[in-house]
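Student: After the structure tokens below, expect a handful of questions from me.
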Amino acid sequence: MREMEDKMASNQDDTHDASGSCNDVENEIKRGLTVMKSIIRARDKGEKFEVHWSAEDQLIEPNGSMLASYIGFLVRQHIPITCDNWRSPELKVGKEKIWSEIQRSFHIDESRQKYCIQLAGKRL
């Protein structure tokens with residue numbers, strides 16, 4: 001009985017296509033790296049996106065979600081995945097790079113730096 005249960009469990013782990021061949025999980029198509037091409041292209045042309053804020057100091061559309069996504073992209077690009085403490089002094093250079101990249105792509109006031117860096121810390 002135990003052998004049948006083990007065999008059934010092992011069969012459930014593998015997937016089979018119509019031809020009967022076995023497909024490993026390793027052969028699945030995985031999503032690639034997000035690179036925010038539209039922002040990069042606009043930045044290279046010298047264009048900057050406008051960012052608007054609500055009365056409660058929250059990002060709003062039309063480009064609020066774009067900025068939030070871009071910050072996540074920048075964190076993945078400039079902060080090592082091994083980092084476990086956002087307040088670490090070793091991350092100062094990475095945070096400065098993130099802020100400078102944000103300013104290159106968005107019209108954003110210097111007074112919003114703290115908000116953007118805090119948002120980056122949440123994306124870590």
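Only the coordinates and a few stated rules stand behind these numbers; no lab work does. Since the model is a prediction, treat every value here as computed from it, not as a measurement. With ideal geometry, Cβ positions are generated from the backbone for all residues, glycine too; neighbour counts draw on all protein chains shown.
Student: What shape does segment 31-124 take by its C-alpha gyration tensor, where a ≥ b ≥ c are the square roots of the eigenvalues and a/c under 1.5 counts as rounded, a/b above b/c as prolate, and the rest as oblate?
Tutor: Oblate is the answer for segment 31-124, as a/c is 1.5 or above yet b/c matches or exceeds a/b.
Student: Could you give the dipole magnitude of segment 37-123 about its Cα centre, charging the beta-carbon of Lys and Arg +1 and that of Asp and Glu -1, in debye to the nearest 20?
Tutor: 340 debye
Student: May I ask you to derive the FRET efficiency for S100 and E28 from their Cβ-Cβ distance with R0 = 25 Å, giving the value to the nearest 0.05?
Tutor: Using R0 = 25 Å, I get an efficiency of 0.10.
Student: Want the number for K48 to C83: 0.36 nm per residue separation, take away the alpha-carbon distance, what's left?
Tutor: 9.6 nm
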